[in-house]
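To keep things clear, I will list the structure first and then write my remarks on it.
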Amino acid sequence: EVQLVESGGGLVQAGESLRLSCVASGFAFSDYAVAWFRQAPGKEREGLSCISTTDSSTYYADSVKGRFTISSDNAKKTVYLQMNSLKPEDTADYYCASVYIMGRCSKWFLYDKWGQGTQVTVSS
């Protein structure tokens with residue numbers, strides 16, 4: 001079965017950095033797109049970034065552009081989200097998700113395989 005496991009969340013101060021990891025199993029990793037989402041209390045789920053593991057093309061939401069970087073290690077079946085210059089408003093539960101998709105990876109509604117989430121808290 002498809003399984004995605006996130007890790008790397010924690011508590012940091014504003015301006016500091018974290019790197020999240022998403023380890024995938026149970027599917028042909030290189031044939032899928034992988035995305036990072038977040039959801040804060042009282043807010044809608046937000047798509048942040050995605051990568052097409054076939055060609056490494058990427059997309060970033062305006063809220064994280066210039067601060068977050070997504071990358072993929074296909075051999076390890078792992079996608080990373082490097083988060084720099086963290087702000088208190090980045091506090092949320094972060095999830096990775098995957099979908100078999102061709103073309104642009106930012107069709108958020110298509111993602112159908114989800115990890116369990118990892119919590120990120122940024123203090124001021």
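The values are calculated or read from the model by the stated rules, or taken from the named source; none is laboratory data. Quick caveat: nothing in here was measured; it's all calculated off a predicted structure. When we count neighbours, we look across all protein chains shown, and the Cβ atoms used for this are built from the backbone with ideal geometry, even at glycine. The accessibility values were calculated without ligands, DNA or RNA, using every heavy atom of the protein model including side chains. Shrake-Rupley method; radii C 1.70, N 1.55, O 1.52, S 1.80 Å.
Considering only protein heavy atoms, what per residue accessible area in square angstrom results for the chain with a 1.4 angstrom probe? Walk me through the numbers before you get to the answer.
Details: 6430 Å² over 124 residues.
With the other protein chains kept in place, the chain gives 52 Å² per residue.
Multiply the residue gap between ASP55 and PHE109 by 0.36 nm, knock off their C-alpha separation, and tell me the result in nm, one decimal place. Before the final figure, lay out each step's value.
On the way: separation 54, 0.36 × 54 = 19.44 nm, distance 2.11 nm.
Contour length minus Cα-Cα distance gives 17.3 nm.
Normalised by the number of residues in the chain, what is the relative contact order in percent for Cα pairs under 8 Å and 6+ residues apart?
Numbers: 310 pairs, mean separation 43.9, N = 124.
This gives 35 percent for the chain.
Given points 7 Å out from each Cα along the Cα-Cβ axis, report the ASN74 to ASP31 separation in nanometres with one decimal.
The two pseudo-label positions are separated by 1.4 nm.
Counting only protein heavy atoms and using a 1.4 Å probe, what share of the accessible area of the chain belongs to carbon plus sulfur, as a whole percent? Before the final figure, lay out the partial values.
Details: 2990 of 6430 Å².
Accessible surface attributable to carbon and sulfur in the chain totals 47 percent.
What's the extension gain from ASP62 to GLN116 if we count 0.36 nm per residue and subtract their Cα-Cα distance?
Between ASP62 and GLN116, full extension yields an extra 17.0 nm.
For the range 26-124, what are Rg and Dmax over the alpha carbons, in angstrom?
13.1, 41
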